[in-house]
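The values are calculated or read from the model by the stated rules, or taken from the named source; none is laboratory data. Note that this is a predicted model, so its numbers are computed, not measured. With ideal geometry, Cβ positions are generated from the backbone for all residues, glycine too; neighbour counts draw on all protein chains shown. To get the accessible areas, we keep the full protein, side chains included, count just its heavy atoms, and leave off ligands, DNA and RNA. Shrake-Rupley method; radii C 1.70, N 1.55, O 1.52, S 1.80 Å.
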Amino acid sequence: MNVCMIGAGYVGLTTAAVLAKLGHTVHCIDENEQKIAALQRGDIPIYEPGLAELLTDYKSRLFFHHNEQHIKEADVIFICVGTPPDLKGKPDVSYVHRAMDTLIPYIGDHQTLVMKSTVPIGTNERIYKRLKNEGKHVRIVSNPEFLREGSAIYDSLHPDRIVIGLRDDDDRSLSVMQTLYAGIHAPYVVTSLNGAEMIKYAANAFLATKISFINEMARLCDAYDVDVTDVAKGIGLDERIGRHFLQAGIGYGGSCFPKDVTALIQMAYEQMVRPYMLEATKTINDTQIYWYIQKMKRTLGALAGKRIAVLGIAFKPNTDDIRESPALSFIKKLHALGADVIAHDPKVVVPNDVNVKQAKTIHEALQKADALIVATDWDAYKQLNWEEVKGMMNGNVVIDGRNSLPREAIMNAGLNYIGVGRG
Ligand code: UDX
Ligand code: UDX
């Protein structure tokens, strides 16, 4: 098939690469001319494991443009532009509407429009009506993505399910999508346009709730001297609960969970429904760093003037994405409290508006540090030689922001280990 991708960000690029692997020809369009120029040169603007290899292997079927000429020829047009939160926390769908403005002159009745961007419930129906009013009888599909950054290629090729939202009168698009995804083996969930939009929000809200639940349990474990990793294992082996997304730490971040939980809360308020559970999920997440700061103060005293090495800036390992990164929030909070923060990340540079030092190497970050925080659980941090770490630091406090460090080895090296809910 001939596919046109509007938006070559994390989701658009990954989806384009995977569709090319499946045998389709994909034309990516992005309004960011620098991004397109880089992609045309073969430079990848983001870090996503496996993406560069796919883009190289299938370059004969992948094209990058910043003009619209290829929209007309496409069988399927994907919308993959971002929907970041606006100042009130509502998803900003202006990029989606701008993408529609771009598309409308070119789009024709034979084409299928596929929405991958996460949009508020009712958006696809509104787009359908807009197209109809403009005399365009285009079929529209809501096909949300469930890709985790860092494993987006794997997730695209091995999804747990493919969700397809359709209008009642659409008897063609399901087979179009099945042809497009032929080669990917996963159950299909076919529902309405609104249904697919709700599934996307519900999935992310549920996963975020699981994380906030275990973070609340971790606080209780702190109080009752219990190891929350035992609790996560003990409940996670129950198949009804499941073992994933039960890792306590400094909370969830990224481009999806914070934005989607807030959006669902706003959508509930708009319909006069009080979203008690979602409010709690968000509150726990918003206060989790404060919980850590309190722990640090109990051990280190006032943080002002203390040299604190923060390992990790990205919102999770294996990505260079810092959108809503809890690691970055932690860094900002420590800086605001007067700590002398030095940050490190294998892939991320501290943004210009955050006035803290960045170390080129882990070694440089640890020199003379009073405390060390692992805020993003990159493998390189989990595999540190803790005897060496002790030798480099001034103090002896190691804060495990992801409950993923080897506690015994850290303690055996004479360091003071602080996780959350670790007994
Ligand atoms: C995706 C989804 O689309 C979003 O709804 C979901 O919730 C998270 O994942 P993502 O791929 O992470 O977003 O966004 P981003 O990396 O910002 O990429 C969006 C791309 O669209 C950018 O390259 C931007 O330049 C481009 N764009 C945006 C357009 O080409 N046209 C526009 O009108 C707006
Ligand atoms: C998420 C969804 O998982 C994915 O399906 C898609 O809808 C996009 O949003 P992503 O944001 O890339 O993916 O990362 P994910 O692996 O889900 O992690 C999100 C955040 O939760 C990260 O900050 C991570 O560190 C945190 N997390 C995850 C925990 O704190 N504990 C866990 O047990 C799991």
Next item on the list: Please find, within the range 185-197, the residue that is nearest to V93 (Cα to Cα) out of those that are within 14 Å of ligand 2 (Cβ to nearest atom) and crowded, with 19+ Cβ neighbours inside 10 Å.
Entry: E197
Margin query: Contact list please: Cβ distance under 8 Å, first residue in the range 177-191 and within 14 Å of G165 (Cα to Cα), second residue open to solvent by 70 Å² or more (accessible area, probe 1.4 Å) and in a helix (DSSP H, G or I), pairs at least six apart or on different chains.
Written below: Y188/Q178
Checklist line | Residue satisfying condition, being free of Cβ contacts under 8 Å to residues at least 60 places away in the same chain and not polar (S, T, N, Q), within set Y292, Y276, Y201 | finding: Y276
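Can you give me the number of residues within the range 214-227 that are free of Cβ contacts under 8 Å to residues at least 40 places away in the same chain and open to solvent by 50 Å² or more (accessible area, probe 1.4 Å)?
Taking the range 214-227 first, the residues free of Cβ contacts under 8 Å to residues at least 40 places away in the same chain are 214, 223-224.
Retained after the next criterion (residues that are open to solvent by 50 Å² or more (accessible area, probe 1.4 Å)): 223-224.
The total comes to 2.
Working only within the range 227-280, note down all residues that are assigned to a loop (DSSP other than H, G, I, E, B), more than 16 Å from ligand 1 (Cβ to nearest atom) and among the hydrophobic types (A, V, I, L, M, F, W, C).
First pass over the range 227-280, keeping only residues assigned to a loop (DSSP other than H, G, I, E, B): 237-256, 271-275.
From what's left, more than 16 Å from ligand 1 (Cβ to nearest atom): 237-251, 271-275.
Answer for the range 227-280, where residues must be assigned to a loop (DSSP other than H, G, I, E, B), more than 16 Å from ligand 1 (Cβ to nearest atom) and among the hydrophobic types (A, V, I, L, M, F, W, C): L237, I241, F245, L246, A248, I250, M272, V273.
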Check: Of all residues in the range 108-145, which are out of contact with any Cys (no Cβ under 7 Å at 6 or more places or on another chain), touching a residue at least 40 places away in the same chain (Cβ under 8 Å) and not β-branched (V, I, T)?
Finding: P120, G122, N124, E125, Y128, S142, N143, P144, E145
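In the range 304-323, is there at least one residue being free of Cβ contacts under 8 Å to residues at least 40 places away in the same chain and surrounded by fewer than 16 Cβ atoms within 10 Å (Cβ to Cβ)? Spell out the reasoning first.
In the first step, residues of the range 304-323 are kept if they are free of Cβ contacts under 8 Å to residues at least 40 places away in the same chain; the result is 304-305, 322.
Right, trim to surrounded by fewer than 16 Cβ atoms within 10 Å (Cβ to Cβ) and you get 304-305.
The answer is yes; a qualifying residue exists.
May I ask you to verify whether T287 is surrounded by fewer than 21 Cβ atoms within 10 Å (Cβ to Cβ) and either within 16 Å of ligand 1 (Cβ to nearest atom) or farther than 27 Å from N394 by Cβ (or both)? Step through it out loud before you land on a result.
Details: surrounded by fewer than 21 Cβ atoms within 10 Å (Cβ to Cβ): yes; either within 16 Å of ligand 1 (Cβ to nearest atom) or farther than 27 Å from N394 by Cβ (or both): yes.
Yes: the conditions hold for T287.
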Note to self: Residues to consider are L278, L180; find the one that is under 22 Å from the mean Cα position of the chain (by Cα) and surrounded by 21 or more Cβ atoms within 10 Å (Cβ to Cβ).
What the structure shows: L278
